[in-house]
Amino acid sequence: MPQQRVYVIGHMNPDTDSVCSAIAYARLRAAQGLDGVQPARAGNINRQTEFILEELAVPQPELLLDVSPRIRDIIGEQQPVTIPTTAPLSRALELFHLHNVRILPVVDDKRCPQGILYLKKVSERFLVPSQEKELRRVSASPRSICQCLKATALNEVDFDELEELNLYVAAMAEPTFAEKMADQDMRKMILIAGDRIDILRLAVERAVRVLVVVADLDIPPDILELGRKNNVTILSTSFDSATSTWLTRLATPVGHLAETDYITLRRQDRVDELRVSLTHSVVPGVVIVNDTGQVEAVATKSHLLRPSDVKLILVDHNELSQAVAGADKVEILEVVDHHRLGSFQTDKPIRFINQPVGSTCTLVATLYQNAGITPDPATAGLMLSGLLSDTVVMKSPTTTEVDRDIAEWLGQLSGLDPQEYGRRIFASSSAMSAYDSLEKVITTDFKVFSASSCQFGIGQVEVVSFHEFHGLKEELSAELEKLREKRDLGMAGLLVTDIVAGNSELLVAGDRQLAFMIGYPQLGDNLFELRGVLSRKKQLIPHLLRVLGAA
């Protein structure tokens, strides 16, 4: 089984607290002995977080946009068992037995699939025939018969020609054999014989298609010469008559028997696609190919029972609506958060840590203290960064005494002054014009919430003055409306927070009645004044959930 991969990951549109807490908590769990743990992010980082990571010389976590289980997660690194199109069926039966498989991809010389052999269907066709003529019929070439019998070719005629031939065994006296063959076209026949000279002579005189002489018995030179003259393929095998008969029936090249109606997927495809393929078709397995079309594995229904090796630890959120895509399809081991509880269910008990503090980084820092582990300066700096960002340098009403104590502790460990460092953090991301687009201004820290009457989304951006925001208000309103329609939201808003003045303004797009219900003083069309509001989580969202939920 592949080693588990445990990703510590924050919410979509990650902010500084989300990214920094993911890195710091991954380092803590690794120090505590959790195997395969590493930090990740569910979206692109914002300018503020980028500044912090560069300042602390910490690499960006791996970007994960979708953790839905992939086929590669459940099939591992198996080496596929395949068979060439020219191989006889006897070889296929050997492979079925040796490797205990029920499905064999039939491949060309480049290992690209040409069809599929199913053990059940092959067994039904060759082991349970319903008519005598099916027992006799062999679809084979002289070469495949020769390979199957491990024979020596004494004369080759159209050796690779695939034909429908009838199989006979000369287990009778020559007069009886001659009578039986009187009305048979021996050019469509494989004859297995011993050292009955008269029968051998009759066979080559009648130009039998393939003559198999068993037990390494001698063939008189005149019969051999006549066979060559009459274009008879002559094979000599060490097997006896019974074994030769059985193996000859298995001489059909597998390319002639392969099912051509099969499904191919790639290792990077989702397990859900494999499940649909196996559930809504009659095929018992799917061929997994690489980007060049070569066979890499075979996936069956038994693989669907294997758990993905990808597991998650969620930080700074506990609602699947905010989590990375596919989070509901993998095992969640832990949650570390400081937000309200949302709708969240797991199949078994998990570690769930939720405390009413100003940031997830504050909570992670307390876990370091509880574990008796002192973070290194860079990790302490990360946690201080997330704390200062989420509490707006401890001005937000979400700030607690725990946050202040932790900030002092982390400042000492990192060598950073919280106030001075906090001002530099917000100065790095205060200009709206520095974003790639106005859409990025809104969506970089955008979260969706559900009230009883509608879904709404609120983005947040910190500034040092409302002047630039007021100049871009009309363009931002248009972008908000586009986003609302794109995501089918009842309302979309942007909370613009002046960290110097300690006030915010809220720009919204959506139904006018919803906007009217917001209840804050209105500064203009769809623009509201929120004096003293710094926290989206603790001040704005609870209010909106209350008024919109009552609608």
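With both partners inside the chain, how many of the DSSP beta bridges are antiparallel, as a percent to the nearest 5?
On the way: 39 of 85 bridges.
Percent antiparallel among DSSP bridges in the chain is about 45.
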Simple label model, 7 Å out from Cα along Cβ direction - R404 to R306, nm | 5.5
Within-14-Å neighbourhood charge of A87 [Cβ basis; K, R +1; D, E -1] = 0
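Apply the a/c threshold of 1.5 to the C-alpha gyration tensor of segment 459-551 and tell me whether it is rounded, prolate or oblate.
Numbers: a/c = 1.73, a/b = 1.18, b/c = 1.47.
Here segment 459-551 falls in the oblate category.
What is the order of H256, H97, H338, H11, fewest Cβ neighbours within 10 Å to most? Each step should come with its number before you reach the end.
Values: H256 17, H97 10, H338 28, H11 25.
The order, fewest Cβ neighbours first, is H97, H256, H11, H338.
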Phi-based couplings in Hz for segment 464-472 (Karplus 6.51, -1.76, 1.60; Gly and Pro marked x) | 9, 6, 7, 4, 5, 4, 5, x, 10
Is the shape of segment 389-494 rounded, prolate or oblate, going by the alpha carbon gyration tensor and its root eigenvalues a ≥ b ≥ c, with a/c under 1.5 for rounded and a/b larger than b/c for prolate?
-> oblate
Using the alpha-carbon centroid of each, what span in Å lies between segment 394-466 and segment 307-368?
-> 20
Can you give the charge dipole size of the chain about its Cα centre, rounded to the nearest 20 debye, using +1 on the beta carbon of Lys and Arg and -1 on the beta carbon of Asp and Glu?
-> 1040
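Rounded to the nearest 500 deg cm²/dmol, what is the calculated helix-only ellipticity per residue at 222 nm for the chain, with -39500 (n - 2.57) per DSSP H run of length n ≥ 4?
Numbers: 22 runs with 201 residues, N = 551.
Helix-only estimate at 222 nm: -10500 deg cm²/dmol.
Report the FRET efficiency, 1/(1 + (r/R0)^6), for H470 and L367, where r is their Cβ-Cβ distance and R0 is 41 Å, rounded to 0.05.
That gives a FRET efficiency of 0.45.
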Return the tail of the calculated pair distribution for segment 244-342, meaning the percent of Cα-Cα pairs more than 23 Å apart.
-> 51
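Using R₀ = 56 Å, calculate the FRET efficiency as 1/(1 + (r/R₀)^6) where r is the Cβ-Cβ separation of V500 and H97; round to 0.05. Intermediate results must be reported in sequence, preceding the final value.
Details: r = 78 Å, r/R0 = 1.39.
Using R0 = 56 Å, I get an efficiency of 0.10.
To one decimal place, what orientation-averaged projected area in nm² is obtained for the convex hull of the Cα set of segment 109-214? If you can, show how the numbers build up before the last one.
Working: hull surface 33.7 nm².
Dividing the Cα hull surface by four gives the mean projection, 8.4 nm².
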Rg in Å to one decimal, and Dmax rounded to a whole Å, for the chain via C-alpha atoms | 37.4, 116
N230 versus D108: modelled label distance in nm, points set 7 Å from Cα along the beta carbon direction | 4.0
With the radius of gyration and the Kirkwood radius both derived from the Cα set of segment 1-144, what is their ratio Rg to Rh?
-> 1.32
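Every read-out reported here was derived from the displayed coordinates using simple, explicitly stated rules and does not represent laboratory data. The structure presented is a predicted model; accordingly, all values stated were derived computationally and were not measured. Cβ coordinates were reconstructed from backbone atoms using ideal geometry, including for glycine residues, and neighbour counts include every protein chain displayed.
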